[in-house]
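Engineer: Just passing along the structure, written as structure tokens.
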Amino acid sequence: MPIARFYLMLFLSLIFLIGCVRTNILDKVGVTSLIGYDIGQEEKIAVTVVIREINPDFKSKVQVFTTENNTLLGNKIKTNRELSEQVSFGQTRVITFGEDLAREGLDYFIHSNLENPNINNNLYMAVIEGKAADLLENEYKDIEDIGQHIFRLIEQNNKQKFTTTTTLHIIADDYYSNGKEMSMPILKRDGDLVEFSAIGIFKGGKMVSTLPAKDNFFVNVIRENFNMGVYETVLQGDGNLNNRNSSLNEMRLTFDTIKSKREIKLVDASKPEFDLNISMKSRVLEVSPDINFWQRESVAALEKDIEKKLKNEISRVIGHTQEVESDIFGFGEKYRSTVRHSKLTKEKWQKKYKIMKVNVNIDFTILRNGVFE
């Protein structure tokens, strides 16, 4: 074949392929940033989408649109049928679930979104207190785009470790694991604000309980190693601390985690029994009344009091999840990887987890002090 003819055929082939590529012109597409799911009427699925429409003048407006249908695809078709712009779901950053739907079960939604090639596995997932549509459709005084606002709210709280990270990828891993359950942050509307109110605890695909938002710190400490996080607490004094005013029987303090490391050891497979060893090196940011940080005895006493407080709180959080048979921490994964031929199933581990014993050991070290009252 002559070289000229070869290049001509190659050029024509490229033109043909380019012509076959489906393009989305920006001013003809509504970009979805957030999707909310609720229980609809007559066992249908209610889907609320937050859409940013961009016109040729590069001006945009945000529209919140709700439909009801039997399937997720049916809702997408209905949304496109009722809007003037084609709706694109490729930029979706957050998926939310109404509280009633979360308690009924999210199995179908996890499967469907994982199999959807247009959905990014790194998008965030959260539960909304009440109905998702009610929070998303509300008009907020200082929030122009509720989809972007919730995305940034989750993102910055994740970075600061005020919440656990719950992307679709992580949620799916926990959901399909035989030795771990999933958890999600819960959002609620407070006037013209949206805030984190709790942690949703799941058993299988159903939300079975909650923990208050302040317990996010303990959940993070148990689940993973991390290098940041802020915790505020009140210690009950017992005369060991070098307080300025000895008549006070409590101490208020805030510390941040410079480095936290946790280790889970299976010490008895028959019970089962675990050692949970947590070492934490932190800086005290605020304390009232203050103590003399130049006296090692005072610092050592404060470290012991903090260790005692952390041990009690972590044991309480684990105990609550045991009551509802939801291992959101992954003790079952450690059991499965340690015990050969365990043939562990999610149902078997839920029963074992309820009677599991955990020995919590805390090693807390104050590296340096910060600002004091």
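Engineer: Taking the Kirkwood radius as the inverse of the mean 1/r across Cα pairs, report the Rg/Rh of the stretch 67-162.
Structural biologist: Taking Rh as the inverse mean 1/r over Cα pairs, Rg/Rh reads 0.95.
Engineer: Could you tell me what a quarter of the Cα convex hull surface of the stretch 125-269 works out to, in nm² with one decimal place?
Structural biologist: 13.0
Engineer: In square angstrom, rounded to the nearest 10, how much accessible surface does Trp349 have for a 1.4 Å probe?
Structural biologist: 10
Engineer: What does the accessible area per residue of the stretch 250-328 come to in Å², with a 1.4 Å probe and no ligands, DNA or RNA counted?
Structural biologist: 45
Engineer: Now, a different point. When you take every Cα atom in the stretch 154-211, what is the radius of gyration, and what is Dmax, the widest Cα pair distance, in Å?
Structural biologist: When restricted to Cα atoms, the stretch 154-211 yields Rg and Dmax of 12.4, 41 Å.
Engineer: Which aspartates and glutamates does Lys281 reach when only Cα atoms under 17 Å apart count, and residues fewer than 8 places away in its own chain are ignored?
Structural biologist: Glu224, Glu232, Asp256, Glu263, Glu303, Asp305, Glu307, Asp363
Engineer: Peptides 175-184, 273-282: what's the order by average Cβ count within 10 Å, highest mean first?
Structural biologist: Ranked by mean Cβ neighbours within 10 Å, highest first: 175-184, 273-282.
Engineer: Turning to a different aspect of this structure: Of Asn312, Ser288, Gln322, which is farthest along the charge dipole of the stretch 287-340 in the positive direction, counting Lys and Arg as +1 and Asp and Glu as -1 at C-beta?
Structural biologist: Of the listed residues, the answer is Gln322.
Engineer: Once Rh for the stretch 298-338 is found with the Kirkwood sum over Cα pairs, what is the Stokes-Einstein diffusion coefficient at 37 °C and 0.692 mPa s, in µm²/s?
Structural biologist: 273
Engineer: Over 29 Å between Cα atoms: which of Lys309/Lys334; Lys159/Lys352; Lys206/Lys343; Lys180/Lys214; Lys161/Lys308; Lys44/Lys354 fall into that group?
Structural biologist: Lys159/Lys352; Lys44/Lys354
Engineer: Averaged per residue, what accessible surface does the stretch 139-229 expose to a 1.4 Å probe, in Å²?
Structural biologist: Here the residues of the stretch 139-229 average 41 Å² of exposed surface.
Engineer: Which order do peptides 197-207, 92-102 fall in by mean Cβ count within 10 Å, highest first?
Structural biologist: Per-residue mean Cβ counts within 10 Å order the peptides as 92-102, 197-207.
Engineer: Students often forget the sequence filter, so: which lysines lie under 26 Å Cα-Cα from Lys61 once same-chain residues fewer than 8 apart are removed?
Structural biologist: Candidates past the 8-residue exclusion: Lys28, Lys76, Lys78, Lys131, Lys141, Lys188.
The values are calculated or read from the model by the stated rules, or taken from the named source; none is laboratory data. In this text, all values refer to a predicted model and were calculated from it rather than measured experimentally. Please note: Cβ atoms are built from the backbone with ideal geometry, for glycine as well, and neighbour counts cover all protein chains shown. These accessible areas exclude ligands, DNA and RNA; they are computed on the full protein's heavy atoms, side chains included. Shrake-Rupley method; radii C 1.70, N 1.55, O 1.52, S 1.80 Å.
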